[in-house]
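Chemist: Would you mind keeping the following structure in view while I ask a few things?
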Amino acid sequence: MNIVESTVNNRVGDNITINNFPENKPKEITADDLRLQTPQVPAVFTGRSKLVEEAVNILCGTNQVHIGILGAGGIGKTSVALHIMEDPLIKEKFAERCYFIPCEMLPDATVLIQGLVQASGLQVAQGKGPLDVLLAYLKGDQKVLLILDNFETPWSSGARLKSRI
Ligand SMILES: Nc1ncnc2c1ncn2[C@@H]1O[C@H](COP(=O)(O)OP(=O)(O)O)[C@@H](O)[C@H]1O
Ligand SMILES: [Mg+2]
């Protein structure tokens, strides 16, 4: 398993159109749905403390980072992510603004954005798009940690965002 770090600029292209809701759109994913799908932090966790520490240092030592945790299924990626989230330094920096997002429930960009809005408890006022609301939150002064578990699901879907988030 390896951790890939990249510092990113979180500017997002301005001209993303969200228009792929099907006619009979399925029930919207709620924050409770996401919580129910979030695994417990595994109590048995051996041999990965260096990896967790490395990720915590990256996340706490810089302002804007993406970290990819890559590896085969079952190797322990989700467990590492959950332990990163539990780390005291992470809690100190991000407080309650740490969100574990089980992306296997969010198969394309539209539902991913909707899920992120739900998980963050954001309200979308009339006349505003969910992406605008989400971006305003992510670009705000408060630091936010998003753990996008199984991100390959929305990323690989046909309805992928054309721009970078
Ligand atoms: N460091 C570890 N020590 C002991 N068991 C682990 C460790 N990491 C993962 N596991 C166990 O291995 C299984 C798969 O881990 P998981 O994190 O779901 O893998 P992945 O997300 O890569 O598919 C789970 O049952 C988990 O509890
Ligand atoms: Mg996993």
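Chemist: Need a quick list: helices (runs of 4 or more DSSP H) entirely within segment 54-165 having at least 3 residues that are within 16 Å of ligand 1 (Cβ to nearest atom) and at pLDDT 95 or above. Give the derivation first.
Modeler: Working: elements: 77-86, 88-94, 109-120, 130-138, 152-156.
The qualifying helices (runs of 4 or more DSSP H) are 77-86.
Chemist: Give the residue, chosen from Gly68, Gly74, Gly127, Gly61, that is within 16 Å of ligand 2 (Cβ to nearest atom), surrounded by fewer than 21 Cβ atoms within 10 Å (Cβ to Cβ) and farther than 15 Å from Ile147 by Cβ. Even if it seems obvious, please write down each step before you answer.
Modeler: Details: Gly68 fails: farther than 15 Å from Ile147 by Cβ; Gly127 fails: within 16 Å of ligand 2 (Cβ to nearest atom); Gly61 fails: within 16 Å of ligand 2 (Cβ to nearest atom).
Gly74 is the lone residue from the list that is within 16 Å of ligand 2 (Cβ to nearest atom), surrounded by fewer than 21 Cβ atoms within 10 Å (Cβ to Cβ) and farther than 15 Å from Ile147 by Cβ.
Chemist: Can you tell which of Val124, Val111, Val80, Val52 is hydrophobic (A, V, I, L, M, F, W, C) and out of contact with any helix residue (DSSP H, G or I) (no Cβ under 7 Å at 6 or more places or on another chain)? Show your work before the answer.
Modeler: Working: Val124 fails: out of contact with any helix residue (DSSP H, G or I) (no Cβ under 7 Å at 6 or more places or on another chain); Val80 fails: out of contact with any helix residue (DSSP H, G or I) (no Cβ under 7 Å at 6 or more places or on another chain); Val52 fails: out of contact with any helix residue (DSSP H, G or I) (no Cβ under 7 Å at 6 or more places or on another chain).
It is Val111.
The values are calculated or read from the model by the stated rules, or taken from the named source; none is laboratory data. As the structure is a prediction and not an experimental result, all values here were calculated from the model. No Cβ is skipped: glycine too gets one built from the backbone with ideal geometry, and neighbour counts run over all protein chains shown.
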